[in-house]
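Trainee: Here's a structure for you.
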Amino acid sequence: MNIIGIDVGGTSIVGGRIEGTQIVCELSSPTRAEEGGSVTIDVLKNVVSQLITPATKAIGIGVPSVVDRAKGIVYNVQNIKDWDEVHLKDILEEEFKVPVYIDNDANCFALGEKIYG
């Protein structure tokens, strides 16, 4: 069993596959934020597709914006063109068929610090 963690930034998307408490695979790709919404979504899908395995149970994503965590909607991402309202959870769950959890990147950082120090 593994999970995938993704950090979506204004310049790069960094992802890792985690088994237990160990990152077993990590990669990064330019966000291509200046090209706009669908391009960045395609980059994100590409990163996930390189990390996902049949044993993947979930995907967690941190984004630099306001997030409706329950619905998985990302609002007003300042560093990514045309990301005013992106239903990211729905898009990725439809694509990869695993649960997707989305939160503000600062909240993700704080949770990681609390758990791992």
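The values are calculated or read from the model by the stated rules, or taken from the named source; none is laboratory data. Keep in mind that what you see is a predicted model, and the values were worked out from it rather than measured. Note that we place each Cβ from the backbone using ideal geometry, even for glycine, and neighbour counts take in every protein chain shown. The accessibility values were calculated without ligands, DNA or RNA, using every heavy atom of the protein model including side chains. Shrake-Rupley method; radii C 1.70, N 1.55, O 1.52, S 1.80 Å.
Trainee: Please compute the Kirkwood hydrodynamic radius over the chain, one decimal place, Å, based on all pairs of different Cα atoms. Provide the component values of the computation, followed by the final result.
Mentor: Numbers: mean 1/r = 0.0709 Å⁻¹.
Evaluated on the chain, it is 14.1 Å.
Trainee: Sort 90, 103 by accessible area with a 1.4 Å probe, largest first.
Mentor: Values: 90 85, 103 25 Å².
The ranking, largest first, comes out as 90, 103.
Trainee: Turning to a different aspect of this structure: In the stretch 1-97, if the dipole is taken from +1 on Lys/Arg beta carbons and -1 on Asp/Glu beta carbons about the Cα centre, which of 77, 87, 47 is farthest to the positive end?
Mentor: 47
Trainee: Next up: Using Cα pairs closer than 8 Å and at least 6 residues apart in sequence, work out the relative contact order for the stretch 17-117, in percent.
Mentor: Working: 132 pairs, mean separation 25.5, N = 101.
Once divided by the residue count of the stretch 17-117, the mean separation gives 25 percent.
Trainee: Right, next: Please give, to one decimal in nm, the separation of the simple spin-label points placed at residue 73 and residue 50, each 7 Å out from Cα toward the Cβ.
Mentor: Here the modelled spin labels are 3.2 nm apart.
Trainee: Let me ask something additional. Ranked from the most accessible area to the least, with a 1.4 Å probe and all protein chains present, what is the order of 66, 39, 86?
Mentor: On the way: 66 100, 39 35, 86 10 Å².
So the residues, ranked largest to smallest area, are 66, 39, 86.
Trainee: While we're on this one: Mind listing the long-range amide H neighbours of residue 36? Cut-off is under 5 Å, sequence gap 5 or more, other chains count too, H placed in the peptide plane at 1.01 Å from N.
Mentor: Under 5 Å from the amide H of residue 36 lie the amide H atoms of 81, each far enough along the sequence or on another chain.
Trainee: If I build a Gaussian network model for the chain, linking alpha-carbon pairs within less than 10 angstrom, which residue out of 44, 88, 27 has the largest mean-square fluctuation?
Mentor: Checking each option, the largest mean-square fluctuation is seen for 27.
Trainee: For a quick check, take a GNM of the chain with Cα springs below 10 Å and name the residue from 30, 99, 54 with the largest mean-square fluctuation.
Mentor: Evaluated over the chain, the most mobile residue of the options is 54.
Trainee: Given the rule -39500 (n - 2.57) for each run of at least 4 DSSP H residues, summed and divided by the residues of the chain, what is its mean residue ellipticity at 222 nm, to the nearest 500 deg cm²/dmol?
Mentor: Details: 3 runs with 36 residues, N = 117.
Roughly -9500 deg cm²/dmol at 222 nm, from the helical runs in the chain.
Trainee: Hey, can you grab everything whose amide H is under 5 Å from the amide H of residue 25? Only 5+ residues off in sequence or another chain; H modelled, so Pro and N-termini drop out.
Mentor: 17
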